[in-house]
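The values are calculated or read from the model by the stated rules, or taken from the named source; none is laboratory data. In this text, all values refer to a predicted model and were calculated from it rather than measured experimentally. Cβ coordinates were reconstructed from backbone atoms using ideal geometry, including for glycine residues, and neighbour counts include every protein chain displayed.
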Number of protein chains: 2
Amino acid sequence: MDRNEIERCDTVEVHRELLKSVSGKMPKEEELYDLAELFKVFGDSTRIRILFVLFEAEVCVCDLAEALNMTQSAISHQLKILKQNKLVRSRREGKSVFYALADGHVRTIIDQGREHIEEE
Amino acid sequence: MDRNEIERCDTVEVHRELLKSVSGKMPKEEELYDLAELFKVFGDSTRIRILFVLFEAEVCVCDLAEALNMTQSAISHQLKILKQNKLVRSRREGKSVFYALADGHVRTIIDQGREHIEEE
DNA sequence: CAAACATATGAACAAATGCTCATATGAAAA
DNA sequence: TTTTCATATGAGCATTTGTTCATATGTTTG
């Protein structure tokens with residue numbers, strides 16, 4: 001009856017039940033993978049920089065390249081990743097393609113990240 | 001005077017001014033790097049799984065290993081990364097070490113991520 | 001003290017990632 | 001139509017990353 005008070009790591013009833021309830025609330029394999037995949041997109045400073053530019057305005061690829069002082073190719077590759085993950089949308093206008101933020105979650109996620117790192 | 005209407009990508013006044021105002025709001029190099037670093041931590045399904053377990057309860061390493069059906073070593077390595085980035089905190093109790101969520105930002109960030117991927 | 005258990009960690013290796021370079025696509029201008 | 005400009009993309013390479021294996025550290029028990 002007092003086993004609950006003893007902290008041990010070999011398999012005890014309490015732990016078994018706990019793990020059972022945990023596995024009930026764990027999202028499916030696919031969602032976990034998609035989530036990780038999404039955050040990977042935020043996990044690169046070049047892409048973060050691109051998003052910060054898009055917080056201010058809709059811009060074309062070559063302006064992004066100039067703003068971040070990087071190759072057009074490098075930027076274009078990253079924009080493709082951002083677009084695949086629906087963080088940005090694009091619109092062609094003549095020879096140029098303009099990119100903009102896709103939705104508000106992007107801002108919220110980055111804001112929460114900033115709050116986190118500034119809090120310590 | 002009508003140059004503003006023409007969309008071009010070689011350097012025009014409008015673009016120069018835009019980029020100037022953008023660079024004003026861009027966080028410093030170090031913060032951008034730290035932000036990317038933080039999101040990298042969320043960008044792995046094993047670590048996401050660990051966080052989901054910790055959403056439910058404070059657990060020890062070997063329970064995490066059993067819950068996720070992974071090596072103790074693998075879990076321990078990932079916990080180190082989570083701890084270095086202040087996403088989790090740990091507490092020793094006898095032979096075991098218990099891990100728990102460090103703060104609320106973790107939940108918010110993951111929730112926003114889930115909303116984003118489920119919206120399409 | 002030694003033995004047993006829980007966790008941490010370093011080295012090594014395979015897989016993933018970001019950039020560069022060359023080149024392709026697509027649209028406007030000559 | 002041919003050239004020029006803006007963007008997209010595939011291959012290659014160096015770096016980073018997650019796991020495994022072996023072993024170290026730290027704590028309790030005998």
Among the residues that make up the range B:35-46, is at least one of them at pLDDT 95 or above and in contact with a Ser or Thr (Cβ under 8 Å, 6 or more places away or on another chain)?
yes
Could you list, in sequence order, all residues of the range B:64-120 that are under 17 Å from residue A:19 (Cβ atoms) and among the hydroxyl-bearing types (Ser, Thr, Tyr)?
B:71, B:96, B:99
Mind listing just one residue for me: the one in the range A:94-112 that is within 14 Å of DNA strand D (Cβ to nearest atom), within 12 Å of another protein chain (Cβ to nearest Cβ) and touching a residue at least 12 places away in the same chain (Cβ under 8 Å) and, of those, nearest to the chain's Cα centre (by Cα)?
A:98
Exactly one of B:68, B:82, B:64 is surrounded by 14 or more Cβ atoms within 10 Å (Cβ to Cβ), closer than 30 Å to residue A:88 by Cβ, within 16 Å of DNA strand D (Cβ to nearest atom) and not acidic (Asp, Glu), and that residue is B:82
Can residue A:38 be described as facing chain B (nearest Cβ under 8 Å), away from DNA strand C (no atom under 14 Å from the Cβ) and farther than 13 Å from residue B:32 by Cβ?
no
Any idea how many residues of the range A:85-99 are surrounded by 13 or more Cβ atoms within 10 Å (Cβ to Cβ) and within 14 Å of DNA strand C (Cβ to nearest atom)?
6
Residues A:59, A:53, A:41: which one is among the aliphatic types (A, V, I, L, M) and either surrounded by fewer than 18 Cβ atoms within 10 Å (Cβ to Cβ) or free of Cβ contacts under 8 Å to residues at least 24 places away in the same chain (or both)?
A:53
